[in-house]
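The values are calculated or read from the model by the stated rules, or taken from the named source; none is laboratory data. Note that the structure is a prediction, hence the values are computed from the model and not measured. Backbone-built Cβ (ideal geometry, glycine too); neighbour counts: all protein chains shown. Accessible surface areas use protein heavy atoms only, side chains included; no ligands, DNA or RNA. Shrake-Rupley method; radii C 1.70, N 1.55, O 1.52, S 1.80 Å.
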Amino acid sequence: MWRNTRSGWGLVSIVLHWVLAVAIVGLFVLGWWMTGLGYYHDWYNLAPWWHRSIGMLVLFATLLRLVWRLLNPTPRALGHRVERLAAHLGHLGLYALMLTVLVSGYLISTADGRGINVFDSFEVPALISDLPNQATIAGAVHWYSAWALVLLAAGHGLAAFKHHWIDRNEVLRRMIDPRLSHR
């Protein structure tokens, strides 16, 4: 039940999928909210600290998820040929946008040469800094790619519900129940 099979997703993939989905939505909401905070608001400094800390953990979990996906079989795609192609391209887009959002967030935070303190437990070093307009350009990329990610993720969710309620196949159930991977 831990590993993927051609029949379904294993427990590791399922847990990473849902933890990352919740974390990314949470980061989007937190990021949107914190951009409107005034300088004297109690959360003015605390919200970005949470956002950066969670963002770094999400980056590590996303890299883990990509490695896990490369080392495991992918369940066979269901639906018509066009749906299977759209699903494949959609998944590639989701991964590309996740990495774009996360790396651009890292580049915003490290533009001044300081690393990112993750929950006062460890620091992610600033490997790239002092590029011309790094924070400004990375900020624009971060904002627009975050919106694109949330919109594509919403489409991803709607497609899963379509498979579940209209097509009545196991696309959604496979991402919930690891026992389906061992049929």
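Condition test on VAL19, is it under 15 Å from VAL150 (Cβ atoms) and out of contact with any Cys (no Cβ under 8 Å at 6 or more places or on another chain)?
Spelling it out, it is not the case that VAL19 is under 15 Å from VAL150 (Cβ atoms) and out of contact with any Cys (no Cβ under 8 Å at 6 or more places or on another chain).
Show the residue pairs meeting these rules: Cβ distance below 6 Å; 6+ apart or different chains; first residue within the stretch 143-167 and polar (S, T, N, Q); second residue part of a helix (DSSP H, G or I).
SER145/LEU97; SER145/THR100; SER145/VAL101
Out of ARG76, ARG65, which single residue is out of contact with any Leu (no Cβ under 8 Å at 6 or more places or on another chain) and charged (D, E, K, R)?
One residue alone meets the criteria, ARG76.
Checking the conditions here, which among ALA111, ALA160, ALA140 is closer than 24 Å to ARG65 by Cα and either in a loop (DSSP other than H, G, I, E, B) or under 22 Å from the mean Cα position of the chain (by Cα) (or both)? Write out each step before concluding.
Working: ALA111 fails: closer than 24 Å to ARG65 by Cα; ALA140 fails: closer than 24 Å to ARG65 by Cα.
Only one candidate qualifies: ALA160.
How many residues does the stretch 132-149 contain that are more than 24 Å from VAL25 (Cα to Cα) and surrounded by 12 or more Cβ atoms within 10 Å (Cβ to Cβ)?
1
For the stretch 52-80, give me each residue that is without any contact (Cβ under 8 Å) to a residue 40 or more places away in the chain and either over 30 Å from ASP167 (Cα atoms) or outside any helix (DSSP H, G or I) (or both).
Keep residues of the stretch 52-80 that are without any contact (Cβ under 8 Å) to a residue 40 or more places away in the chain, which gives 54, 60, 63, 66-67, 70-71, 77, 80.
Across the stretch 52-80, the qualifying residues are ILE54, PHE60, LEU63, VAL67, ALA77, HIS80.
Got a number for residues in the stretch 114-128 being open to solvent by less than 40 Å² (accessible area, probe 1.4 Å) and either assigned to a helix (DSSP H, G or I) or without any contact (Cβ under 8 Å) to a residue 40 or more places away in the chain (or both)?
Residues flagged as open to solvent by less than 40 Å² (accessible area, probe 1.4 Å) and either assigned to a helix (DSSP H, G or I) or without any contact (Cβ under 8 Å) to a residue 40 or more places away in the chain (or both) within the stretch 114-128 amount to 2.
Given the options LEU20, LEU89, name the one that is modelled with pLDDT of 95 or more, open to solvent by less than 30 Å² (accessible area, probe 1.4 Å) and closer than 28 Å to HIS163 by Cα. Working first, answer last.
On the way: LEU89 fails: open to solvent by less than 30 Å² (accessible area, probe 1.4 Å).
Unique residue meeting the criteria: LEU20.
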